[in-house]
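Notes for the one structure printed next.
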Amino acid sequence: MTALLELFLARYIYLFVLVLLAIGLYGVLAKTDLVKKVIGLTIFSTAIYLFFIEGSLQEGGTAPVIDERGSDPALYVDPLPHLLILTAIVVGVGVVGVALALLVRLYRTHGTLDEDVIAARLAGREVADDGDTPEDRG
Amino acid sequence: MTLIADIIIGIGMFFIVVSTLALLIMPDLYTRAHAVAKSETLGLLLVFLGLFFRPELDGPSVGRLVAVLVFSLVANPTAVHALVRASSRSGALPWTVIDQEIADAELGTAQERYDAVDDPVVSEATGGPSEEDPR
Amino acid sequence: MMTGAYPSVVVRVVGALLSPFILLFGLYIVAHGHYGPGGGFAGGGFLAVAAILPRVTLPESLAYKLVPVHFGPLMGGVGMLLFLLCGLVPMFFGGMFLDYGAVEIAGIAASRMRYLGILVVEIGVGLAVFGAMVTIFDVLMDRSET
Amino acid sequence: MIVPLDIIIFLVLIIAAVLAINVKDLLAAVALLAGYSLFASLLFAGVNAVDVSLVEAALGAGLTGVLFIGAILATSRHSTAKRNLRRRWTMLPLIAAFIGLMLFASTGLPDRGDPEAPAHQGVSRTYLSQSLEDTETPNVVTSLLADYRSQDTLGETLVIVTAALAAMLVLVRREGDDEDDTRGSDPGGDTSGEARGTTDDEQESGRDPYADEREGGRR
């Protein structure tokens, strides 16, 4: 029993992050509303950030700001994942901005954000008239 | 000194816990917003006041604490104000205690009463005498 | 829509009162990245919030006079250009791209030079993030000019 | 980090994520998403990643929410997309397979907080011990960001500016560009297009969810 508890305490991060990944993946794959898809994408990427940052933890380490205790690497946590995730968060916000711009454009063109409706309409138009489909560019 | 700080922080945490409980058990949006706006701001104020008595506080930390305190004292009630105002404009009615028999008797006119209560709120928000929309 | 004067005087006053302080805090975060948490990315985010808060609370004529619409792409470009120029300067002194320590100015040690280079890079990153976020917000609010 | 607090925050994260995916009102979903990001930033601060925590709180919780709300007000507030059950039941085994694969892979990962983990033995030790004398910068994340790995940062900044320009390119209306706004009111064959009007009117769109809440409060 105690061995199981120790295993849980050493590994629970992976378990929770996997649950969050599953929720985000469900939002991206199974929802048909496009805004919900973007929300699922955000949840998924934040779970990835959590996984990465938890990997940078070292027992006995503090924040990677060098203070009067000297610059022994064992005293501080690993700063490299912090850098990577810091830039990844900002790029994630940029990605969300572009995705939302595309959604607004789609709504202006089609009047709906339901993925199935848009796909069916696009397929129907393509069968009806081949060349001139201005909404394809949206 | 540390004892005074701990006591004040404890009182502040009591208020925060009470406001969180109120957020969970209060019946409607207005009473919940009331709990958050008043009780939690007081709890935050007390926690920061207790932090000022901690012995390990130095000059720059005092400045940061005062800045954070002023920010939250200004921003928290404003956010609650905007939230309650928007919900009032959307037609959320305050919670009232009603008897089950009276409720059954009034069930037929429920929609009518809803419209009657809703209209003054809407008219006040869009074109009433207390209007301050500059547009 | 979201922009324009908020129809409540409390929110308008607090929005007008808070946004210069948020601007100051953003500048502090950008400049203080050497000694504590912060740096160009977070500071640029705070600067963008300071520009967006007047847009959602104050009247449009005032808010778009404080931070005009063309400021977003302009600041993004200026920040990017600052970063690139800061990377190019060491190449004239025989160093590598973005190797600020190679710049030789009398009286300033190489490590101090790298310190200053980091500061310039952080300012460039902060301006670029500020410009990008304000641009995306303006575009979503349908207020952008071509 | 205190482990029980950590677990509680993770449970809050899971609840917020499930609700944000499932709730019908999109503004409520965005509020839940902002709360999710805020608790994630708390978790970052708990493992001493202060820079990441600050950026997540400012950009992930603040600006993402603002952008989402702007887009939702420009489109439609209520998620009226119909449920696609066939798609859900085809996706669930896929997700289960993904999770199983990840669970299998995670057995090879080191324990939490292990100082002997292979990822910590590499170049970051050099960064930590050299940063102060090389660049006079105590914050190692800053010196990594702008000095040791500044080409990475250059690329990321370029990505941000490019994202802003791409959003402009997608959305800015140009002269003689009139295929917009006609298609939305197109009386085409679909039914859900008419159900979603523009929601600049708060009173109409807000009535239904609050009516539900009021009924719940009276009971």
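What the table below lists for this structure:
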item: Distant alpha-carbon pairs in region D:60-138 (separation over 20 angstrom), percent; result: 72
item: Long-range HN-HN contacts of A:THR62 with modeled amide H, under 5 Å; result: A:TYR76, A:VAL77
item: Computed magnitude of the charge dipole of chain C (debye, nearest 20; Cβ of K, R +1, Cβ of D, E -1); result: 260
item: Projected-area average for chain C over all orientations - Cα convex hull basis, square nanometres; result: 10.3
item: Inter-label distance for D:THR162 and D:ALA105, nm, one decimal - labels placed 7 Å from Cα along Cα-to-Cβ; result: 2.5
item: Segments A:2-10, C:41-49 sorted - mean Cβ within 10 Å per residue, highest first; result: C:41-49, A:2-10
item: Calculated Rg and Dmax of region B:2-94 using C-alpha coordinates, Å; result: 15.7, 51
item: Whole-number percent relative contact order across region D:1-80, with pairs defined as alpha carbons under 8 Å at least 6 apart; result: 33
item: Within straight-line cross-link reach of D:LYS82, lysines at Cα separation under 28 Å, skipping those fewer than 8 residues along the same chain; result: A:LYS31, A:LYS36, A:LYS37, D:LYS24
item: Around A:TYR76: net Lys/Arg minus Asp/Glu count, Cβ-Cβ under 15 Å; result: -4
item: Residue mean of other protein chain beta carbons inside 10 Å, D:24-32; result: 2
item: More than 16 Å apart - percent of Cα-Cα pairs taken over region C:1-62; result: 47
item: Descending principal axes extents, region C:69-126, alpha-carbon based, whole Å; result: 42, 18, 14
item: Whole-Hz ³J(HN,Hα) from phi, Karplus 6.51 cos²θ - 1.76 cosθ + 1.60, for region D:145-161, glycine and proline x; result: 5, 10, 10, 5, 10, 6, 5, 4, 5, 4, x, 5, 5, 4, 5, 4, 5
item: Radius of gyration and Dmax over the Cα atoms of chain A, both given in Å; result: 22.4, 74
item: Listed peptides C:63-74, A:62-73 by packing density, highest first (mean Cβ within 10 Å); result: C:63-74, A:62-73
item: Rounded Å value of the spacing that divides the Cα centres of region C:48-103 and region A:41-75; result: 29
item: Top of C:GLY79, C:GLY36, C:GLY101 by mean-square fluctuation, Gaussian network on chain C, Cα under 10 Å; result: C:GLY36
item: Whole-Å semi-axes of the ellipsoid equivalent to region C:21-102 (Cα gyration tensor, √5λ, descending); result: 32, 17, 7
item: Helical segments meeting 15 Å axial Cα length and Kyte-Doolittle 1.6 threshold in chain A (DSSP H); result: A:2-30, A:80-110
item: Burial ranking of peptide ranges C:87-98, C:129-140, B:60-71 (average Cβ count within 10 Å, highest at the top); result: C:129-140, C:87-98, B:60-71
item: Per-selection Kirkwood Rh - region D:1-122 (Cα, Å, 1 d.p.); result: 17.3
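A short reminder: the numbers here are calculations on the coordinates, not readings from a lab. No experiment lies behind these values; they were computed from the predicted model shown. Cβ atoms come from the backbone with ideal geometry, glycine included; neighbour counts cover every protein chain shown.
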